Amino acid sequence: MRDCHLQLAKYQRDEVRLPNDSRKDIFTKAKTNRKRLKDGLAANDDPTPIGQRTQGSYAMRTMIVENGEDYDIDDGVYFKKEDLVGLKGGDKTPLAAREMVCDALQDDRFNDSPEALKNCVRVYYNEGYHIDVPVYRHVVVKDAWTGKESDHYELASSTWKRSDALAVTSWFQDFNKDNCANASKDSDKGQFVEVVRLLKAFARSRSSWKGKISNGFVISKLAADHWAEVADRDDKALRNVAKAVRDKLSWKQAVKHPVLDDNIIEDGNAKAMFLYDKLDEKLKHLDVLDEWDCDHASAMSAWDKFFNTDWFSQQPDPDGAKSLAQKVGPAIKRGETRYA
């Protein structure tokens, strides 16, 4: 396979990974939103949260540059179960908990008011950002026989649903650290997180795919399920994982949750099948990379087609204007392989 590691690494770094300035801007809005929520809850005589934590792609460092800068950050708010009490003294319903948070976040300065959605409260910003605030309750359960206590978190969805976004973040960071030689502690660096970003960029590379293809969480878990690091070859690692994910989805679409005894999605999932179709279709563009006489222009064109961009074709040939014969020598004959 022709070596395109330098180009893929640069593309991920310069065009895909969300810049630090944008991360800081998003988190600044999240911190302001946290204060707004706490103040609003206090003003409404509602319970005080036991914590607020960023989660999802922001926490896992897999946020990517989006067309139109439609960025979002998940910033969960956590309450004690016993503090979420309904009007008649029973448990507050999931809808009531989301509405409580939504009411606390109202602000006349917003052009679009915060909205209680199925799994979160969404706060809209004029700049194209939005903050999703999932609402959780902390549940402590005592075993009737042993008296031993255990705890877990539940998300205010259509029902109170077992969930642990913080554990998912820890799983992702640990996986990156344990499986990548150059991983950083915060998971900003490491071949695994970089390949996940590239896979997410592929999934968002065509506007017509929006809403039809698997989300970042599913893509991240699929990448982990089929991961194998390839030292100094991001291009090879990406292609290997993409092929393995395609092959898996061709016969089974269920994806197991990384920290809960449950599946993220089940067999027959339409978005997973769409991901399979598009991987199967677009990976064919990369077949040229295996040809013995694949030159720089052909390789860059292939990656452009895969990612639906013209960025790669603008990259200079690292070997300059040397001809193929000069690069590989006259002794190489058709059918021999130069690139591993």
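Assorted remarks:
- Angle between the chain longest axis and helix 165-179 axis [Cα atoms, degrees, rounded to 10]: 30
- Per-bin percent of Cα-Cα distances, the stretch 192-247 [10 Å]: 25, 56, 17, 2
- Close amide-amide hydrogen proximity is noted between ASP72 and HIS130, each under 5 Å apart and 5 or more residues distant or on a separate chain (H modeled in the peptide plane; Pro and chain starts excluded).
- Extension gain (nm, one decimal) between LEU6 and ALA96, 0.36 nm per residue minus Cα-Cα: 27.2 nm
- Taking 12 Å as the cut-off, the amide N atoms of the stretch 183-215 that come nearer than this to a point 7 Å along the Cα-to-beta-carbon line of GLU15 belong to 201-202, 205.
- Once the Cα atoms are used to define both axes, helix 296-307 deviates from the longest principal axis of the chain by about 20 degrees.
- Taking max minus min of the alpha-carbon positions on each principal axis, the stretch 1-45 gives extents of 64, 19, 8 Å, largest first.
- Net lengthening on full extension, LYS256/LYS88 (0.36 nm per residue, minus Cα-Cα): 56.7 nm
- Cα-Cα pairs of the stretch 138-241 separated by more than 21 Å (percent): 50
- Inter-probe distance in nm under a simple model that places probes 7 Å from Cα toward Cβ, at LYS148 and ARG109: 5.0
- Carbon + sulfur, % of accessible area of the stretch 92-137 - ligands and nucleic acids excluded, 1.4 Å: 40
- Expressed as a whole percent, the accessible area of the stretch 208-313 that falls on carbon and sulfur atoms is 46 (1.4 Å probe).
- Under a Gaussian network description of the chain, with springs only between Cα atoms under 10 Å, the residue in PRO47, PRO134, PRO318 that fluctuates furthest is PRO318.
- The residues packed around TYR153, meaning those with a beta-carbon under 12 Å from its beta-carbon, carry a net charge of +3 if Lys and Arg are +1 and Asp and Glu are -1.
- Model label sites at ASP25 and SER301, defined 7 Å from Cα along the beta-carbon direction, differ in position by 3.7 nm.
- Across the stretch 60-98, the residues whose backbone nitrogen lies under 12 Å from the label position 7 Å along the beta-carbon direction of LYS210 are 66-71.
- Full extension of the segment from ASP293 to LYS38, taken as 0.36 nm per residue of separation minus the current Cα-Cα distance, would add 85.5 nm.
- Residue among ASP151, ASP178, ASP46 with the largest mean-square fluctuation in a Gaussian network model of the chain, springs linking Cα atoms under 10 Å: ASP151
- Ellipticity estimate at 222 nm from DSSP helix runs (n ≥ 4, -39,500 (n - 2.57)) divided over the chain, nearest 500: -12000 deg cm²/dmol
- Cα-centre dipole for the stretch 60-152 with unit charges at Cβ (Lys and Arg positive, Asp and Glu negative), debye to 20: 640
- Computed 3J(HN,Hα) for the stretch 96-107, one whole-Hz value per residue from the Karplus formula 6.51 cos²θ - 1.76 cosθ + 1.60 where θ = phi - 60°, is 5, 5, 5, 5, 4, 5, 4, 4, 5, 8, 5, 8, glycine and proline marked x.
- The stretch 11-80 and the stretch 96-141 have Cα centres lying 12 Å from one another.
- As an equivalent ellipsoid, the chain spans semi-axes of 45, 22, 17 angstrom, where each value is the square root of five times an eigenvalue of the C-alpha gyration tensor, largest first.
- Solvent-accessible surface of the chain, averaged per residue with a 1.4 angstrom probe and all protein chains in place: 51 square angstrom.
- Long-range HN-HN contacts of LYS189 with modeled amide H, under 5 Å: SER184
- 10 Å Cβ shell holding at most 10 others, DSSP loop, chymotrypsin sites (Phe, Trp or Tyr not before Pro): longest site-free stretch of the chain: 1-144
- Among PRO49, VAL121, LEU87 the positive-end extreme of the charge dipole of the stretch 48-149 (Cβ point charges): LEU87
- Top of ARG109, ARG197, ARG17 by mean-square fluctuation, Gaussian network on the chain, Cα under 10 Å: ARG109
- Degrees separating the helix 20-43 axis from the principal Cα axis of the chain, which is the longest one: 10
The values are calculated or read from the model by the stated rules, or taken from the named source; none is laboratory data. Only a predicted model underlies this, so the values are computations on that prediction, with no experimental measurement involved. Note: ideal-geometry Cβ built from the backbone for every residue, glycine included; neighbour counts use all protein chains shown. All accessible areas refer to the heavy atoms of the entire protein, side chains included, with ligands and DNA or RNA removed. Shrake-Rupley method; radii C 1.70, N 1.55, O 1.52, S 1.80 Å.
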